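Here is the structure we will look at.
The values are calculated or read from the model by the stated rules, or taken from the named source; none is laboratory data. Quick caveat: nothing in here was measured; it's all calculated off a predicted structure. Reconstructed Cβ throughout: ideal geometry from the backbone, glycine too, with neighbour counts over all protein chains shown.
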Amino acid sequence: MGPVSHRGERRTSVDDIFEFLHEEISTLQLRPGDKLSEAEVAARFGVSRQPVRDAFNRLAHLDLLLIRPQRATEVKRFSMRAIEKSRFLRKSVEMEVLRRAAKLCDGAGIKRLEVALELQQELISAEDFDRFGALDYDFHHALCEIADVDFAFEFILAEKSKVDRLCRLSLSKESRLPELVADHFAIAHAVMANDPERAVEAGALHLSRLDETLAQIQETSANYFIDKGN
């Protein structure tokens, strides 16, 4: 584990531990199957085991940790069945978000999407690929707000986080980003044109981009997966 960094105002030790470990897992500093010790994490943060246990439980709720009584806690491996379920649920919700966003998008929504696209294009031009994750989340959040279903973003965020680690395992992250940004342009332009069907078509294509990544990772990193159905 890397050094602890404190960003912004400190809230609670549970928040600090949760956010630190979430970042480590999401960025693959901690990889699927890696073991975590309550005692080691507690010592690192200078706290008792209880806040560590609480943070572990929050991460387990996000399907990122596997907590087993009397055995070491470990970073959860990927389950193809769970990935299929997550992608199905996310697609169902996100397609409805795009339909609604395309019907409701007004001048303010157009301006917001134009700003989002400009930031993403600047990112590609500057080759600042590490910022894409945050801009990607902002883009999908904007679509939910334009659709007047902001609550849907919490669901999309939860499902998206379950597969984001997979995207980081892609061997061609940089080469894929222009394609993903181009997808966002297609989605945004359809929404701004108040064309629900075109927005849904562009959104479905965007979500399908993970298919190739999944096949690649299963071939190169099979040890990161558990048996299908577990």
Legend entry - Hits in the stretch 16-37 - residues which are of a type in the set (S, T, N, Q) and touching a residue at least 60 places away in the same chain (Cβ under 8 Å): 26, 27
Inset, instruction - Assess whether residue 215 counts as being among the hydrophobic types (A, V, I, L, M, F, W, C), loosely packed, with under 14 Cβ neighbours inside 10 Å and free of Cβ contacts under 8 Å to residues at least 24 places away in the same chain. - result: yes
Inset, instruction - Please go through the stretch 42-72 and pick out each residue that is more than 30 Å from residue 219 (Cα to Cα), outside any helix (DSSP H, G or I) and either in contact with a strand residue (DSSP E or B) (Cβ under 7 Å, 6 or more places away or on another chain) or modelled with pLDDT of 95 or more (or both). - result: 46, 47, 48
Legend entry - Members of the stretch 64-94 found to be within 20 Å of residue 214 (Cβ to Cβ) and touching a Leu at 6+ places or on another chain (Cβ under 9 Å), listed by number: 64, 75, 76, 77, 78, 80, 83, 87, 90, 91, 94
Legend entry - Residues that are free of Cβ contacts under 8 Å to residues at least 40 places away in the same chain and either outside any helix (DSSP H, G or I) or not aromatic (Phe, Trp, Tyr) (or both), drawn from the stretch 141-159: 141, 142, 145, 150, 154, 157
Legend entry - residue 125 at pLDDT below 95 and closer than 24 Å to residue 214 by Cα: no
Inset, instruction - Run residue 24 past the list (1) assigned to a loop (DSSP other than H, G, I, E, B); (2) in contact with a Leu (Cβ under 8 Å, 6 or more places away or on another chain) and report the number of the one that doesn't hold. - result: (1)
Inset, instruction - Return yes when residue 202 is outside the structural domain of residue 26 (by TED's automatic domain parsing), closer than 18 Å to residue 90 by Cα and either in contact (Cβ under 8 Å) with a residue 12 or more places away in the chain or surrounded by 13 or more Cβ atoms within 10 Å (Cβ to Cβ) (or both) and no when it is not. - result: yes
Legend entry - Which numbered condition residue 157 fails, given (1) closer than 30 Å to residue 216 by Cα; (2) modelled with pLDDT of 95 or more: (2)
Inset, instruction - Might you check whether a residue that is buried (at least 16 other Cβ atoms within 10 Å of the Cβ), outside the structural domain of residue 136 (by TED's automatic domain parsing), touching a Leu at 6+ places or on another chain (Cβ under 8 Å) and closer than 30 Å to residue 208 by Cβ occurs anywhere in the stretch 47-60? - result: yes
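Residue-wise test of (1) assigned to a helix (DSSP H, G or I); (2) touching a Pro at 6+ places or on another chain (Cβ under 6 Å); (3) touching a residue at least 40 places away in the same chain (Cβ under 8 Å); (4) surrounded by 15 or more Cβ atoms within 10 Å (Cβ to Cβ).
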| residue | (1), (2), (3), (4) |
| --- | --- |
| 40 | yes, no, no, no |
| 74 | no, no, yes, yes |
| 90 | yes, no, yes, yes |
| 95 | yes, no, yes, yes |
| 101 | yes, no, yes, yes |
| 109 | yes, no, yes, yes |
| 139 | yes, no, yes, yes |
Legend entry - residue 188 being surrounded by 19 or more Cβ atoms within 10 Å (Cβ to Cβ) and of a type in the set (A, V, I, L, M, F, W, C): yes
Legend entry - Counted residues, the stretch 1-41 - those being of a type in the set (Lys, Arg) and at pLDDT below 90: 3
